[in-house]
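Chemist: So that we are looking at the same thing, I have put the structure below in structure tokens.
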Amino acid sequence: MKKLLLLSFCTFSLLVSAQKKYVLVVHGGAGTILKSSMTPEKENAYKEKLTEALHAGYAEIQKGKSAVDAVATSIVIMEDSPLFNAGRGAVFTNDGKNEMDAAIMDGKSKAAGAIAGVHTIKNPIKAAIAVMQKSEHVMLSGAGAEEFAKDEKLELVDPKYFWTKDRWESLQKIKSKENSKNSKKVSQNILPESYEIDQKFGTVGAVALDHNGNLAAGTSTGGMTNKKYGRIGDAPIIGAGTYANSQVGISATGWGEFFIRATAARTLAAKMEYQNKDIKTAAQDTIDEIEKMGGDGGLIALDKDGNIAQPFNTAGMYRGAITDKGEIFIEIYK
Ligand code: ASP
């Protein structure tokens, strides 16, 4: 009996010591990402970019920089890549513009910053961080946000910088389909045709845990192809697409209207805080609720002990994580 007890204790200790501690998690969007429609080159390109984003953010953490710095570094790399729907490579609005949203939240201070509907800020996540650190506001939008970015000496670019052929073609495809059908869907629970066609959401996000045990979460996106009337999604809305406190950080991706109505990111944190749920259960519950409402997408979450969750209910989600020892894990499909 004694031997048995000792054996199970040893197995338990081994399991505990083998448990990985993650310090950074990233996503590059959820959607209809099918292996059958992916080339090996494209798959590699995504994996390489996610790896680069993870390494760069990890290096910040190793240098003793803050979780906010690590999140910013990872997201800037993805914003600068045309592969993702954020920064260069953002999707197009109905009137042919790239209109971007981004947010950051610092878990320790619960300070947050966001920008929405901007066309000229090269790295929207940097503007969100500037809002958090250098203004008395949480969210700025449109021309005002751009003026603020200019005052803060952030890099502004010609809107043409964000143009990519793939995204432009997606818009044209959606528009021609829309014109030929001429149907009008006006319900929050019916996916607009435009979204049905272009379900490669592609938003980017990161959550980091620094050496001081602080968490931060950030998200950056071009929103959804063919969006109209200044539509803003969940990414820049604190508590919907982005949230962090001292226990957990979250960044979401998917059909934003649902993440807003579900207050998804804050709901996940509340499940941990008030229901004592572990991160995996809380995260899965949140995505299950979105699915029940009729929405789709995914999220990444990282808690103060280095546990992660990356649930999604789409065919795929570009996602990756790195441990405190620098081990990288990247996945795309279900
Ligand atoms: N959640 C984003 C939005 O609705 C889209 C995405 O994740 O790609 O704006």
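Chemist: Residue separation times 0.36 nm, minus the C-alpha to C-alpha distance between V138 and D285: what's the value? Spell out each step's value before the answer.
Modeler: Values: separation 147, 0.36 × 147 = 52.92 nm, distance 2.81 nm.
Extra length from V138 to D285 when fully extended: 50.1 nm.
Chemist: How large is ³J(HN,Hα) for each residue in the range 90-100, as worked out from phi by the Karplus curve 6.51 cos²θ - 1.76 cosθ + 1.60 (θ = phi - 60°), to whole Hz, x for Gly and Pro?
Modeler: Calculated HN-Hα couplings, in order: 4, 6, 9, 6, 4, 8, x, 10, 9, 10, 10 Hz.
Chemist: For G239, which sequence-distant residues (separation of 5 or more, or a different chain) have an amide H within less than 5 Å of its own amide H, given hydrogens modelled in the peptide plane?
Modeler: R266
Chemist: Counting other C-beta atoms within 10 Å, which of K49, K153 has the fewest, and how do the rest follow? Please report the intermediate quantities before stating the final value.
Modeler: Details: K49 23, K153 8.
Least crowded to most crowded, the residues run K153, K49.
Chemist: Quick one: Cα convex hull volume of the range 67-187, Å³ per residue? Let's see the in-between values first.
Modeler: Numbers: hull volume 14.9 nm³, N = 121.
Taking only Cα atoms, the range 67-187 has a hull volume of 123 Å³ per residue.
Chemist: What per residue convex hull volume, in Å³, do the alpha-carbon atoms of the chain yield? List each step's numbers first, then the result.
Modeler: Working: hull volume 48.9 nm³, N = 334.
Value for the chain: 146 Å³ per residue.
Chemist: Just grab the label-to-label distance for E327 and K21, each label 7 Å out from Cα along the Cβ direction, in nm (one decimal).
Modeler: 1.4
Chemist: Sticking with this one: Test of understanding: what is the full-extension gain from T51 to Q247, defined as 0.36 nm times their sequence separation minus their Cα-Cα distance?
Modeler: Working: separation 196, 0.36 × 196 = 70.56 nm, distance 2.56 nm.
Here the segment from T51 to Q247 would lengthen by 68.0 nm.
Chemist: Calculate the spin-label point distance for K35 paired with M293, positioning each point 7 Å from the Cα along the beta-carbon direction, and give it in nanometres.
Modeler: Distance between the two pseudo-spin positions: 3.2 nm.
Chemist: Counting only Cα atoms, I'd like the Rg/Rh figure for the range 36-134, Kirkwood definition for Rh. Walk me through the numbers on the way to the answer.
Modeler: Details: Rg = 14.9 Å, Rh = 14.6 Å.
Ratio of gyration radius to Kirkwood radius: 1.02.
Readers should treat all values here as calculations from the given coordinates under stated rules, not as data from a laboratory. The shown structure was predicted, so the numbers you read here are calculated from the model rather than taken from an experiment. Neighbour counts are summed over all protein chains in view; Cβ atoms, including those assigned to glycine, are modelled from backbone coordinates with ideal geometry.
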